[in-house]
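Written out below as structure tokens is the structure these notes cover.
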Amino acid sequence: MIQTHDLTKRYGKFEALNSVNLSIEKGKVYGFIGPNGAGKTTTMMILSTLLSASSGKAYVGGYDVEKEPKDVRHILGYMPDFFGVYDNLKATEYLDFYASAYNIPQKNRSALIADLLELVNLSNKADSYVDHLSRGMKQRLGLARCLVHSPEVLILDEPASGLDPRARIEMREILKKLQGLGKTILISSHILPELAELCDEIGVIEKGRLIASGSVPEVSVDTRGISIMQVKVIGREEVAEQILSSDPLVRRVDNKGNHFRFHYIGSPEEKVYLLQKLIAAEVPVTHFADSQENLEDVFLAITEGVGN
Amino acid sequence: MGNFFTNPLISKELRERFRTPKTSWTVGLYLFVCGAIIIGFMKIIANEQTDLLGSGDRLLVIMAAVHYALICFIAPALAAGAISGERERQTLNILLTTHLSPRRIVLSKMLTSILFMFLLLIASMPLYSFIFLYGGVAPMQLVKLFLFFTVNIIFFGSLGIFCSTWIKRTSISTITAYGIGFFFVVGTGVILFFLMNFITYWITDTRMTPMDYPILEWIASINPCIVGLNILEKNLMGESWTIFSQYYWIIFTAFYLVLSVILLCLAAYILKPVRRPWSE
Ligand SMILES: Nc1ncnc2c1ncn2[C@@H]1O[C@H](COP(=O)(O)OP(=O)(O)O)[C@@H](O)[C@H]1O
Ligand SMILES: [Mg+2]
């Protein structure tokens with residue numbers, strides 16, 4: 001559904017994007033992850049026909065974003081990272097405006113708008129002025145806004161940034177509903193856990209380069225042979241830490257009392273040996289496993305050393 | 001352009017504009033200024049003249065001048081925020097991903113900006129009835145005057161829209177629109193003044209007046225102040241500034257309407273996010 005070939009964007013001499021090759025299949029939720037300034041917004045704006053690439057190609061639904069921008073806009077809903085709402089408009093009028101901007105016939109609009117407000121849990125705010133809504137509500141209204149023409153593809157730039165945890169969970173629930181509706185979604189974030197359970201695939205971008213792409217476990221293990229491990233003990237913590245720190249295959253030991261996290265760059269056989277070492281030193285180990293629930297770690301592991 | 005009232009941008013814009021108290025304040029203040037000046041002027045006439053009949057033309061000049069000054073100040077400012085305001089509110093990018101084409105966005109913005117200006121103009125029309133009270137003004141003159149105002153509003157509106165598209169920030173775009181507007185209103189007059197002096201200095205043929213030279217006549221015909229005074233048949237600046245050709249107002253209208261169209265086309269071109277001049 002979304003494809004880029006060697007997409008490159010230069011601002012003067014500065015390369016904001018460097019040969020990015022993305023490929024997102026229909027119906028997949030793709031998490032686009034990278035620190036601030038990595039080039040996420042730039043990529044998304046090129047895909048949304050708002051910015052021209054310096055070189056390379058980009059396709060949305062088979063349409064070339066540069067040659068057939070109108071067709072791309074038909075099937076695409078774009079939510080920018082920062083966007084404003086108009087003053088003196090009510091939520092329904094706000095959506096009605098965009099519905100008419102997408103040439104949706106007047107008679108279909110009120111039902112459509114009611115459905116959309118229902119979808120984003122704003123039915124009770126239908127008659128509130130949009131500039132009085134909270135940030136979380138505005139963000140959800142923005143999401144409803146990019147759904148007015150029922151696009152197949154959604155490009156959402158950091159939809160959860162600046163939201164409190166509750167608003168974030170609400171946003172995630174809505175995104176799951178959209179996923180259930182079969183939309184292809186490209187969603188970016190600089191905070192990983194946000195995307196963890198939602199995404200079918202993730203792509204990690206740093207300094208304009210896509211440095212890893214694939215399903216979450218693929219990205220974490222395959223790309224660099226680094227895995228993140230967790231070890232929990234119920235005693236002899238000093239001994240455990242000493243063994244871990246002195247192991248040449250262990251990096252970045254994070255000691256939280258009786259709970260260690262670290263990057264491990266060895267093979268499975270070597271992992272076995274590490275566990276045996278701990279047990280031989282009579283460390284009471286209760287947990288020894290790869291950590292996959294925390295994308296933050298995956299991200300740190302993958303981006304380690306990039307750009308230095 | 002599509003149907004006027006179903007044009008989404010226009011109805012949204014009108015809704016937005018007429019729901020703020022600022023709009024009623026603007027209209028109120030505008031009428032107050034116009035009315036105060038007229039009443040003040042009527043007092044002055046009453047004091048110095050016993051016979052009030054026939055002094056309607058003087059009143060008309062004052063009113064037209066006030067009106068023109070207000071148009072010069074309000075029209076560019078209204079339009080200069082139209083696009084840059086959307087950009088500053090971070091709504092422009094969203095607008096550009098909808099099915100509204102840049103051309104349609106520019107035209108709708110232009111229409112709503114000048115619509116408000118026309119509202120001001122029409123709201124102040126009853127004040128012109130005072131002029132007929134005093135007599136001395138031909139109705140045709142008034143028609144020409146309103147046509148003149150219309151052309152000016154369209155030009156200042158297009159200029160404002162162009163600056164608003166071209167320049168990112170509303171404050172700078174407003175100043176630029178005023179600057180360019182100033183050039184056409186005052187600058188052309190200054191150029192004409194220098195050329196006139198230059199010609200009368202070098203050419204000693206006394207049978208020729210400066211306006212006999214087509215270039216000077218053309219410049220005079222695009223200076224709104226001179227054209228306005230000619231419509232009112234007032235030679236406040238002396239005989240030599242009078243345009244003799246009957247068609248000066250056609251030149252004026254054509255020049256500013258063509259310029260407006262060019263400015264609007266340029267604005268639509270600049271607004272296009274991904275520019276591909278070789279297609280579409
Ligand atoms: N208009 C611009 N001019 C110059 N540099 C820009 C411009 N827009 C973005 N950049 C640069 O491009 C890089 C990528 O930006 P962006 O795509 O916004 O990153 P992200 O969304 O991942 O935080 C940043 O380093 C930013 O400074
Ligand atoms: Mg960004």
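Considering only residues in segment A:53-76 that are in a loop (DSSP other than H, G, I, E, B) and within 11 Å of chain B (Cβ to nearest Cβ), the one that is surrounded by the fewest Cβ atoms within 10 Å (Cβ to Cβ) turns out to be A:Lys67. Tally the residues that are closer than 17 Å to A:Ser227 by Cβ, β-branched (Val, Ile, Thr) and part of a loop (DSSP other than H, G, I, E, B), restricting the search to segment A:255-285. Looking only at that region, the number is 1. If you check A:Ile75, A:Ile24 for being closer than 19 Å to A:Tyr102 by Cβ and either touching a strand residue (DSSP E or B) at 6+ places or on another chain (Cβ under 9 Å) or away from ligand 2 (no atom under 16 Å from the Cβ) (or both), only one passes: A:Ile75. If you go through segment B:6-44 and keep only what is over 18 Å from B:Phe118 (Cβ atoms), surrounded by fewer than 14 Cβ atoms within 10 Å (Cβ to Cβ) and away from every other protein chain (no Cβ under 11 Å), you end up with B:Trp25, B:Phe32, B:Ala36, B:Ile39, B:Gly40, B:Lys43, B:Ile44.
Counting the residues of segment A:35-51 that are within 12 Å of ligand 2 (Cβ to nearest atom) and assigned to a helix (DSSP H, G or I) gives 6.
Only residues that are within 16 Å of ligand 2 (Cβ to nearest atom) and either closer than 21 Å to A:His74 by Cα or not assigned by TED's automatic domain parsing to the domain that holds A:Ser100 (or both) were counted in segment A:160-205, giving 2.
Would it be correct to say that A:Ser128 is among the hydroxyl-bearing types (Ser, Thr, Tyr), crowded, with 23+ Cβ neighbours inside 10 Å and either modelled with pLDDT of 85 or more or touching a Ser or Thr at 6+ places or on another chain (Cβ under 6 Å) (or both)? No.
A quick yes/no check of all residues on (1) within 27 Å of A:Cys199 (Cβ to Cβ); (2) of a type in the set (Val, Ile, Thr); (3) crowded, with 17+ Cβ neighbours inside 10 Å:
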| position | (1), (2), (3) |
| --- | --- |
| A:Gly235 | no, no, no |
| A:Glu238 | no, no, no |
| A:Ser246 | no, no, no |
| A:Tyr264 | yes, no, yes |
| A:Ser267 | no, no, no |
| A:Thr286 | no, yes, no |
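Kindly evaluate A:Asn108 against the criterion of being at positive phi and not basic (Lys, Arg). Criteria not met by A:Asn108.
Based on what the data block shows, is A:Leu117 in a helix (DSSP H, G or I), away from chain B (no Cβ under 13 Å) and modelled with pLDDT of 90 or more? It is true that A:Leu117 is in a helix (DSSP H, G or I), away from chain B (no Cβ under 13 Å) and modelled with pLDDT of 90 or more. Please work out if A:Thr4 is part of a strand (DSSP E or B) and either within 17 Å of the chain's Cα centre (by Cα) or within 16 Å of ligand 1 (Cβ to nearest atom) (or both). Against the criterion (part of a strand (DSSP E or B) and either within 17 Å of the chain's Cα centre (by Cα) or within 16 Å of ligand 1 (Cβ to nearest atom) (or both)), A:Thr4 qualifies. Taking the condition more than 16 Å from the chain's Cα centre (by Cα), more than 13 Å from chain B (Cβ to nearest Cβ) and within 24 Å of A:His74 (Cβ to Cβ), does A:Gly142 pass? Spelling it out, it is not the case that A:Gly142 is more than 16 Å from the chain's Cα centre (by Cα), more than 13 Å from chain B (Cβ to nearest Cβ) and within 24 Å of A:His74 (Cβ to Cβ). Quick one: would you say A:Ile46 is under 23 Å from the mean Cα position of the chain (by Cα) and of a type in the set (Val, Ile, Thr)? Considered against the rule, which asks whether it is under 23 Å from the mean Cα position of the chain (by Cα) and of a type in the set (Val, Ile, Thr), A:Ile46 comes out as yes.
Annotation: A:Phe32 fulfils all but one of (1) within 16 Å of ligand 1 (Cβ to nearest atom); (2) surrounded by fewer than 24 Cβ atoms within 10 Å (Cβ to Cβ); (3) not in a loop (DSSP other than H, G, I, E, B); the unmet one is (2). Counting only helices (runs of 4 or more DSSP H) that fall entirely inside segment B:83-159 and contain at least 3 residues that are more than 14 Å from chain A (Cβ to nearest Cβ) and not hydroxyl-bearing (Ser, Thr, Tyr), the qualifying elements are B:102-123, B:125-134.
Anything in segment A:69-89 that is within 22 Å of A:Val130 (Cβ to Cβ) and modelled with pLDDT of 90 or more? List them, or say none. Within segment A:69-89, A:Gly77, A:Tyr78, A:Met79, A:Pro80 qualify.
Scanning for something over 18 Å from B:Phe155 (Cβ atoms) and either within 14 Å of another protein chain (Cβ to nearest Cβ) or at pLDDT 90 or above (or both), does segment B:252-269 turn up at least one residue? Yes, the conditions are met somewhere in segment B:252-269. Those helices (runs of 4 or more DSSP H) of segment A:120-196 in which 3 or more residues are in contact with a Lys or Arg (Cβ under 9 Å, 6 or more places away or on another chain), within 16 Å of ligand 1 (Cβ to nearest atom) and under 20 Å from A:Phe83 (Cα atoms) are absent. Would you confirm, using the coordinates I've provided, whether A:Val85 is within 17 Å of A:Ile24 (Cα to Cα) and away from ligand 2 (no atom under 16 Å from the Cβ)? No. Does B:Ala69 meet the test of being surrounded by 21 or more Cβ atoms within 10 Å (Cβ to Cβ), of a type in the set (A, V, I, L, M, F, W, C) and at pLDDT 80 or above? Considered against the rule, which asks whether it is surrounded by 21 or more Cβ atoms within 10 Å (Cβ to Cβ), of a type in the set (A, V, I, L, M, F, W, C) and at pLDDT 80 or above, B:Ala69 comes out as no. For segment A:98-112, state whether one or more residues are touching a residue at least 24 places away in the same chain (Cβ under 8 Å), away from chain B (no Cβ under 13 Å), over 27 Å from the mean Cα position of the chain (by Cα) and under 30 Å from B:Arg19 (Cα atoms). Scanning segment A:98-112, I find at least one residue that is touching a residue at least 24 places away in the same chain (Cβ under 8 Å), away from chain B (no Cβ under 13 Å), over 27 Å from the mean Cα position of the chain (by Cα) and under 30 Å from B:Arg19 (Cα atoms), so the answer is yes.
The values are calculated or read from the model by the stated rules, or taken from the named source; none is laboratory data. In this text the structure is predicted, and so the values were computed from the model without any measurement. Quick reminder, even Gly has a Cβ in these numbers, built from the backbone with ideal geometry, and neighbours come from all protein chains shown.
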